[in-house]
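**Q** First, the structure itself, so that you have it in front of you.
Derivation of every value follows stated rules applied to the coordinates shown; laboratory data play no part. As the structure is a prediction and not an experimental result, all values here were calculated from the model. Quick reminder, even Gly has a Cβ in these numbers, built from the backbone with ideal geometry, and neighbours come from all protein chains shown.
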Amino acid sequence: MKVMNDSTAAALGYGIYKQDLPPETEKAKNVVFVDIGYCSLQVAIVAFHKTKLKVLATNFDPCLGGRNFDKILADYFQQDFKERYKVDAGKNMKARLRLETECERLKKLMSANTQSIPINIECFMEDKDVTGRMDRTQFEELSAGILKRIETVFQTLLENSKMSTSDLVAVEIVGGSSRVPSIKSLVQKVFGIEPSTTLNADEAVARGCSLQNAILNPTFRVRDFSINDAQPYSITLSWQATMEEDSSMELFPKYHMIPMSKVLTFYRTEPFQLEAKYTHKNDVPIPDTNIGKFQVSKIEKPKNEDSAKVKVKVRVNQNGIFTVNSATLSETIEQEEQDTKAEEQSMDVDAEKKTEEEGKTAEGDQKPEVNGETEQMQTDQPEAPEKTDNDEKKEENFAGDKKSEKKSEEKKKKKVKKIDLPIEACVPEMSKKEINELVEKENQMIMQDKLEKERADAKNAVEEYVYDMRDKLSEAYEPFVREADREKFSKLLSETEDWLYEEGDDQKKQVYLDKLTQLKNIGIPIKDRYDEFQYRPAAFDELGHGIQHVRKFLDLCAQKDEKYAHLSAEDVEKVSKCLAEKEQWHNKALMDTQKQSCYDPPSVLAQQIRSTKQALDTTCNPIMNKPKPKVEPPKEEKKEVKKEGENNGEKMETDSTKPGETPADSPKTEIKPEMDID
């Protein structure tokens, strides 16, 4: 979503959580960020306000970091071992790598301890064990040159920012190598402030980038924080000069705020080319300082002008990348005002009509209505005096002069037309063919990774099965396999383990799958016997409970229990027949199982027992749970109840007469004979 500088990311992670930042009306809080990792060093001065940061200056050394300290130690001990043990690690890359690894560990120990610390490497070279010692003071003497380079980076930052140490408020150090005590002392020496470790040294940059990503993403709600980054390198734009004009210009000076756009105006009669490059070669850590060339084409000279006016928009975007966004040609076109005149004439005619209508209204021909009443309009205009012959001649002359003025004013109107010009960029980038080739190569590598992962998974599956089966053969699976078979299988597992670490260390995926299948052909029957022994008793218990339940039902039916009196003899016979069949199978299966040993193949499986229980339930349960049929009352009884309800209703109606009111005076309610009253 965005390319972000390391120091800016660390500054964002610092500022977004700070609650004591000054408002924009007050002086900014200037903080120095020192990021020294394993490979590079970056420093920056950042000004903070509430919900805002601005990068003031940056400096760096891309080839200075923790590995330089490791190399100093490795070179020292390589020479020491060469003199004392007569072995040269520079001639053996494996020995040199082991030495650098031990030196890195020694450096970390010296950062936390002041006493002398030993270094020991067994079988370093030529079957010789080597040893040595070093303390922090000696280490700092060896690293004097590296510390001097770091100090130069710090001093250059202050000079470029034109700030003094009194303008700074704090110094934050991040990066793994910031734990070296001599670097902390150097920070305090140059900036005059004791370094602070508020941020996580290893995760500060990653956290800042994550926060920036969340700010750019509309899905997340993050505290608003404005970031004004700086362009670390000055950019100069040059072009073909015409006459005496300058042919180049420093467009974006060093530490210029980004993102930023600028518009340049050129007067040209033909296509021209712009060339962008970094101004100072020593500032840029690459040999070629050219950014690119941009050809502006299709420029034609206007008819009535000496040259065309071309506006070019250049920009350094939020990623710090320079681009020429657009080029526009401004052309002046003369146009007669015919359409404008027609509009003015139509407007004059409409105005005359409107004036005539208002005059009629003022004369009293029409009277507007106000709230339904008529009201007479009054005019306070004075009467016009009578015109003489001289006055009429003056008016005619004035009208003639006005017409001549209108004719002279009928000039051509100027209109500016803007035309977008094509820009052909020639920048150091890959061609489409190269990009397609790399994408194809990447896809091949992804497929190779996938195949390698599948191969490794197959190998791990064999190794895991060997360890798992070996443990279970001596514990849970021991009763379920004969002694001879167990010894034979254990031997095969041991041979497979040895094969994995020797010949089978780098085999194809199918080889591992075949080996696993071979082992499972022996191990799966053992596992099945163990599983059946675990699950079969519970299945027999379930089937036994089902048989007891059905037998109890048949006993109640034999006793002619009223609960099952509605069942037919055929249904009861069907249940009895099914029970006898399943009970016979249950008894036989139980006897066969008890006769078998644990390492024999099971004659009856737990799944078969559950299927028998399900078949018993499917046949018997619908009959056992069959409901009794409903008995409806006789229709005559319903009619009698209906009549009684009608009589009661009539009686209630007659009893509802109020005291002092005769039945004749009371309101009568007709009751239809066919209507039921509850």
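**Q** How much length, in nm to one decimal, is gained on full extension between T137 and L567, taken as 0.36 nm per residue of separation minus their Cα-Cα distance?
**A** Details: separation 430, 0.36 × 430 = 154.80 nm, distance 10.39 nm.
Gain on stretching T137 to L567: 144.4 nm.
**Q** Now a separate question. Kirkwood hydrodynamic radius, computed over distinct alpha-carbon pairs, for segment 144-200: how many Å, to one decimal?
**A** Averaging 1/r across every pair of different Cα atoms and inverting gives 11.9 Å.
**Q** Taking amide hydrogens as modeled 1.01 Å from N in the peptide plane, which residues meet the under 5 Å criterion relative to A170, leaving out close sequence neighbours?
**A** V32
**Q** Say each of K148 and D449 gets a label point 7 Å from the Cα, pointing the same way as Cα to Cβ; how far apart are those two points in nm?
**A** Calculated label separation equals 4.5 nm.
**Q** Also, quick follow-up: Give me the percent relative contact order of segment 1-229, please, defined on Cα pairs under 8 angstrom at least 6 residues apart.
**A** 27 percent
**Q** Given H placed 1.01 Å from N in the peptide plane, which residues other than close sequence neighbours of V87 have an amide H under 5 Å from its amide H?
**A** Placed amide hydrogens put K82 under 5 Å from V87.
**Q** Looking at segment 211-314, which trypsin sites (Lys or Arg not before Pro) are DSSP coil and have at most 13 other C-beta atoms within 10 Å of their C-beta?
**A** R221, R223, K298, K303
**Q** Which whole-number percent gives the relative contact order of segment 500-641, counting Cα pairs below 8 Å spaced six or more residues apart?
**A** Working: 69 pairs, mean separation 49.2, N = 142.
Reported relative contact order: 35 percent.
**Q** Give me, ordered by chain and number, the residues 5 or more places off L251 or on other chains with an amide H under 5 Å from its own placed amide H.
**A** Amide H neighbours of L251: I235, T236, L237.
**Q** Using the Kirkwood radius over Cα pairs, work out the Stokes-Einstein diffusion coefficient for segment 1-229 at 25 °C and 0.890 mPa s, in µm²/s as a whole number.
**A** 126 µm²/s
**Q** Residue separation times 0.36 nm, minus the C-alpha to C-alpha distance between F533 and E26: what's the value?
**A** 174.4 nm
**Q** Per the Kirkwood treatment, what hydrodynamic radius in Å, one decimal, follows for segment 233-335 from the mean inverse distance over all distinct Cα pairs?
**A** Computed over segment 233-335, the radius equals 15.0 Å.
**Q** Ok, one more. When a/c is below 1.5 the answer is rounded, else prolate if a/b is larger than b/c, else oblate, so apply that to segment 1-121 with a ≥ b ≥ c taken from the square roots of the Cα gyration tensor eigenvalues.
**A** prolate
**Q** Would you kindly give the portion of the calculated P(r) for segment 429-573 that falls above 17 Å, as a percent of all Cα pairs?
**A** 75 percent
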